[in-house]
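Quick notes on the structure that follows.
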Amino acid sequence: MKNVLYGKCVKCGKTYPATPDLTTCECGGILDITYDYDYIKTQLTKEKLAERTERTMWRYRELLPIEDTTEPTPLRVGWSPLYEEPRLAAQLGLKQLWVKDDGQNPTASLKDRASAMAVAKAREAGAKVIACSSTGNAASSLAGNAAAAGLKTYIFVPSRAPKGKVAQLMTFGATVISVQGSYEETFELSKQAIDKWGWYNRNAAINPYLSEARRPWLWRSWSS
């Protein structure tokens, strides 16, 4: 990726090549994606954004950690509307407040952004299966976005997970593993399975690319 320099550990500062399957630092720290903004400035301008007809998170692809050749994911994720809320702003003592309605994403969750990124990076890595642990929205968004892209999903959920969410996962065709234990135990089991079977890891505490997918909505006003 020409627009990305490396992944840098927020704990010890060690850097890693920005490969599609990048996870965490050997010290256990989370990696932060570091961009080459000098290069990005040569590729992205307000004028270029204004000409684009793409109305999803992928319109900002120069500011996302993906390859130039990576295709957008099938479902429309992002470009959800912003609503000005003057009365709520007044109650909170703010001059201006805008609320973003990410409920209009495919699975009605802001988590669709991270899941779309996971699907894109899984494709770059050549993976056919994506997995994660979750109690709700992250799981359903992954199952929906992966299904649309033709990828299999394994979702680990604690037994206390809402039945409605579990039903949604199964509707999307995910393989659901119910764990008799806490979320921490569920997460650890998913990590062990992912490591053993070589599945693509969508766990937010592990995959450094997922947080990058949540940023594009901040840039919408920059392009308007």
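The values are calculated or read from the model by the stated rules, or taken from the named source; none is laboratory data. What you see is a predicted model; the values in this text were computed from it and never measured. All Cβ positions, even for glycine, are placed from backbone atoms using ideal geometry, and neighbour counts span all protein chains on display. These accessible areas exclude ligands, DNA and RNA; they are computed on the full protein's heavy atoms, side chains included. Shrake-Rupley method; radii C 1.70, N 1.55, O 1.52, S 1.80 Å.
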Exercise. Counting pairs of Cα atoms in the chain, how many percent are more than 21 Å apart?
Worked result: 58
Seminar exercise, completed: With DSSP loop assignment and no more than 16 other C-beta atoms within 10 Å, the GluC sites (Glu not before Pro) in the stretch 1-58 are Glu26, Glu54
Exercise. With all protein chains present, how much of the accessible area of the chain (probe radius 1.4 Å) comes from carbon and sulfur, to the nearest whole percent?
Worked result: 53
Problem set entry | the stretch 1-128: radius of gyration over Cα atoms, expressed as a fraction of 2.2 N^0.38 Å | 1.26
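Helix-derived [θ] at 222 nm for the chain: sum -39500 (n - 2.57) over DSSP H runs of at least 4, divide by residue count, nearest 500?
One gets -9500 deg cm²/dmol as the mean residue ellipticity at 222 nm.
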For this session: Using Cα positions and a limit of under 29 Å, work out the lysines in reach of Lys163, with same-chain residues fewer than 8 apart set aside.
Result: Lys100, Lys111, Lys128, Lys152, Lys191, Lys196
Seminar exercise, completed: Once Asp68 and Lys152 are pulled to full extension, the length gained, defined as 0.36 nm per residue separation minus their Cα-Cα distance, is 27.8 nm
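Could you give the accessible area per residue of the stretch 89-142, probe 1.4 Å, as a whole number in Å²?
Per residue, the stretch 89-142 has an accessible area of 40 Å².
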Exercise. Given H placed on each backbone N at 1.01 Å, which residues far from Ile33 in sequence or on other chains put an amide H within less than 5 Å of it?
Worked result: Lys8
Problem set entry | Other-chain or far-sequence residues with amide H under 5 Å of Phe156's (modelled H) | Cys132, Ser133, Ser134, Ile177
Problem set entry | Candidates Lys191, Lys111, Lys163: whichever shows maximal mean-square fluctuation once the chain is modelled as a Gaussian network with Cα springs under 10 Å | Lys163
Seminar exercise, completed: Taking max minus min of the Cα coordinates of the stretch 61-103 on each principal axis, largest first, gives extents in Å of 46, 19, 10
For this session: Mind listing the long-range amide H neighbours of Trp79? Cut-off is under 5 Å, sequence gap 5 or more, other chains count too, H placed in the peptide plane at 1.01 Å from N.
Result: Met57
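Could you tell me what percent of the DSSP beta bridges with both partners in the chain are antiparallel, to the nearest 5?
Beta bridges within the chain, antiparallel portion: roughly 45 percent.
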Seminar exercise, completed: Charge dipole of the stretch 1-145 built from unit charges on the beta carbon (Lys, Arg +1; Asp, Glu -1), centred at mean Cα; most positive-end Cα among Tyr35, Leu88, Leu64 is Leu88
Exercise. Just how large is the dipole of the chain about the Cα centre, in debye to the nearest 20, putting +1 at every Lys and Arg Cβ and -1 at every Asp and Glu Cβ?
Worked result: 340
